[in-house]
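Take a look at the structure below.
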Amino acid sequence: MDPFHRLSPSALRAGLFASLLATLGCFLIIAATNQPLETPAAPLGILSLQFAGGSAAAAEILNSWGETERLYAAFNLGFDYLYLACYALFLSLSCAALARARRHDTPGFATAGFLLAWAMFAAAGFDMVENVALWQLLLGSPDAYWPKLATTCAVLKFGIILAGVGYIIIGLLALLGNARR
């Protein structure tokens, strides 16, 4: 059930470290390219477009961006494909590592961790579909389907990510609690 069962503990740690650095680096670039997209209509930049949910809200956001902002949005969406690979791998490796650490004393917790490790790849898939929908909006598609698809995928993606982050926090706290005993 462990998606990384072929990795030794040292290889898993190396992957965790490398994917953490890559995720942080990508996050900084995504955050920097998102800042110019923050307008009164899009207070969260590209995230506002992800959660627009409908054509009217999406149009209002897109109309608040000039040509320069649209170039930032295009870069942000393209770069997000690298970012989603990095964060999905980091979160997946983190869930798997914690599941391995708890496999013998709390098998239910370990099973949840391995399931979440796999689920991070589904989150990346939802992110990819969301990006396609956002590209369509950025290119001017009038179809009301795209903002709904983007929002649905964003909700599913962030739900999985938050579940994984919650698992990681709980797992780390449990490990710290065991280390103090």
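Taking 0.36 nm per residue of sequence separation and removing the Cα-Cα distance, the residue 17/residue 162 pair yields an extension gain of 50.2 nm. Karplus-derived 3J(HN,Hα) values for segment 42-53, using 6.51 cos²θ - 1.76 cosθ + 1.60 with θ = phi - 60°, are 9, x, 10, x, 4, 4, 4, 5, 4, 9, 4, x Hz; glycine and proline are entered as x. Mind running the shape call on the chain? Use the C-alpha gyration tensor, a ≥ b ≥ c as the square roots of the eigenvalues: rounded below 1.5 for a/c, prolate if a/b tops b/c, oblate otherwise. Prolate. Between 0 and 90 degrees, rounded to the nearest ten: what's the tilt of helix 107-138 against the longest Cα principal axis of the chain? The two axes meet at around 10 degrees.
Against the longest principal axis of the chain, how steep is helix 145-180, in degrees 0 to 90 to the nearest 10, with axes from Cα atoms? Approximately 30 degrees, to the nearest ten. In percent, rounded to a whole number, the relative contact order of the chain is 26, using alpha-carbon pairs under 8 Å and six or more apart.
Each pair of Cα atoms in segment 71-134 enters the Kirkwood radius, and Stokes-Einstein at 20 °C and 1.002 mPa s then converts it into a translational diffusion coefficient of 169 µm²/s.
Over all other residues within a Cβ to Cβ distance under 15 Å of residue 1, the charged ones net out to +3, with Lys and Arg as +1 and Asp and Glu as -1. Distance from the Cα centroid of segment 23-75 to that of segment 125-168 is 13 Å (rounded to whole angstrom). Taking Cα centre as origin and charging only the Cβ of basic (Lys, Arg, +1) and acidic (Asp, Glu, -1) residues, the dipole magnitude of the chain rounds to 980 debye.
By how many degrees, between 0 and 90 and to the nearest 10, does the Cα long axis of helix 67-102 differ from the longest principal axis of the chain? Helix 67-102 sits roughly 10 degrees off the main axis of the chain.
Report the calculated FRET efficiency for residue 79 and residue 122 (r = Cβ-Cβ distance, R0 = 22 Å), to the nearest 0.05. Approximately 0.55, to the nearest 0.05. Shown here for segment 1-81: trypsin sites (Lys or Arg not before Pro) in loop regions (DSSP other than H, G, I, E, B) with at most 10 other Cβ atoms within 10 Å, namely 6. For the chain, the residue among 96, 160, 120 whose Cα projects farthest onto the positive side of the dipole built from Cβ charges is 96.
Bear in mind that the values in this text are calculations on the coordinates, not laboratory data. Just so it is clear, the model here is predicted, and its values are computed rather than measured. Cβ coordinates were reconstructed from backbone atoms using ideal geometry, including for glycine residues, and neighbour counts include every protein chain displayed.
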